[in-house]
Structure formats: structure tokens, C-alpha cells
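Reviewing the structure listed below.
The values are calculated or read from the model by the stated rules, or taken from the named source; none is laboratory data. Treat the numbers as computed from the prediction; the structure is a model and nothing was measured. When we count neighbours, we look across all protein chains shown, and the Cβ atoms used for this are built from the backbone with ideal geometry, even at glycine.
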Amino acid sequence: MLDDKTKMFLIKAMTEGIECNFQNEEAKDYFIHTLQKTVDKNEKIGSKLIGDSYGLLMEDSTGDPYGIVKLSDNLVLFALLIPEPDLTSEQSVDFGRIVLAVLSTFALIEAEQSLGNTGRSAAKSESVKFNISQIGVII
């Protein structure tokens, strides 16, 4: 179960966005590619992210668009394309999981950069799963 601080952080991330610092377009492109790969590999996310460094469209398993991820140089924003009450349960759950995937992608890239600066390498793993109320993030 998520504690209150975690819930509030996720609500704030969904409504106000996530602060970031993309140094250039190449960094944005790498982030987008890594995020799309993360979402595609996650068996618990039925949605797909389609787009590029200008923004990503969230499509559910039937191909219906329901949300967007928009990137600027210092902020990742999330928005719904349909009213919240009209979301299916799959869309609602996937929206939250995509927000978590964005956070895990930032963490992964930061870890890669930190390891790159030390000359060490991380152990290869096919997946990392966080068992928080059945939310799995695969990277």
C-alpha cells in the first residue's frame, strides 16, 4: 500500500508535472526512447506511448488515445484527453503506471550517468519490479 506522502507526490506529479533538466534534444530523445522501451516491456501496462521529444500520446490496448506526456526543457507534464470520469479502469491504472515509469526512467538514466562517471558497470537485469499495490515497473 502507498503511504500518504507517496500518494501526494504522485498526485502532484500528475497535476503539476515532474521537474527535469534536459541538456539538449539528444538527451530528450534518449529519455523518450528509454521511456517507450520501459512501457513496452512492462506486462502490467496495456497502453503504448507514441510520439517523439515534442510529446507522447497514450493509447490504450484498443488504440484509443486518452492522454499525453509533454516535455519541455525543465518539465514533464501529463494531461488527459478525455474527462476523468470517462476513463476506463485500464486507462486510469495505466495513466498512473506511466507516471511511475517516467520516474523510474529518470532514475535509470541518472544511475547510468553516475556509473559512467565511476568507470563501474551495473549488473545486467531484465526487469526491476516494485511491488507497490501491484504496480510493476520493468526497465
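Select from the range 1-29 the residues that are in a helix (DSSP H, G or I) and touching a helix residue (DSSP H, G or I) at 6+ places or on another chain (Cβ under 8 Å) and write down the one among them that is modelled with the lowest pLDDT.
Applying the first criterion (in a helix (DSSP H, G or I)) to the range 1-29 yields 4-16, 25-29.
Filter again for touching a helix residue (DSSP H, G or I) at 6+ places or on another chain (Cβ under 8 Å), leaving 10, 13-14.
Values: 10: 85, 13: 89, 14: 88.
Within the range 1-29, the match that is modelled with the lowest pLDDT is 10.
Could you please find all residues in the range 43-86 being in a loop (DSSP other than H, G, I, E, B) and out of contact with any helix residue (DSSP H, G or I) (no Cβ under 7 Å at 6 or more places or on another chain)? If the condition is that a residue be in a loop (DSSP other than H, G, I, E, B) and out of contact with any helix residue (DSSP H, G or I) (no Cβ under 7 Å at 6 or more places or on another chain), then 43, 54, 62, 63, 64, 72, 73, 74, 81, 82, 83 are the ones that fit.
Look at the range 1-39 and say how many of its residues are of a type in the set (Phe, Trp, Tyr) and over 19 Å from residue 73 (Cα atoms).
The total comes to 1.
Restricting attention to the range 14-29, the residues that are touching a Phe, Trp or Tyr at 6+ places or on another chain (Cβ under 9 Å) and either of a type in the set (Asp, Glu) or exposed (fewer than 15 other Cβ atoms within 10 Å of the Cβ) (or both) add up to 1.
Going through 50, 11 one at a time, which residue ends up being of a type outside the set (Phe, Trp, Tyr), touching a strand residue (DSSP E or B) at 6+ places or on another chain (Cβ under 7 Å), surrounded by fewer than 19 Cβ atoms within 10 Å (Cβ to Cβ) and more than 14 Å from residue 109 (Cβ to Cβ)? Quick ask: steps written out before the conclusion?
Details: 11 fails: touching a strand residue (DSSP E or B) at 6+ places or on another chain (Cβ under 7 Å).
One residue alone meets the criteria, 50.
Would you be able to say whether some residue in the range 94-110 is part of a helix (DSSP H, G or I), surrounded by fewer than 14 Cβ atoms within 10 Å (Cβ to Cβ) and over 14 Å from the mean Cα position of the chain (by Cα)? Working first, answer last.
Looking only at the range 94-110, we keep the residues that are part of a helix (DSSP H, G or I), and these are 94-110.
If we keep only those that are surrounded by fewer than 14 Cβ atoms within 10 Å (Cβ to Cβ) too, we end up with 107, 110.
Retained after the next criterion (residues that are over 14 Å from the mean Cα position of the chain (by Cα)): 110.
Yes.
Determine, yes or no, whether residue 32 is touching a residue at least 24 places away in the same chain (Cβ under 8 Å), under 16 Å from the mean Cα position of the chain (by Cα) and either part of a helix (DSSP H, G or I) or loosely packed, with under 12 Cβ neighbours inside 10 Å (or both). Yes; evaluated as a whole, the condition is true for this residue.
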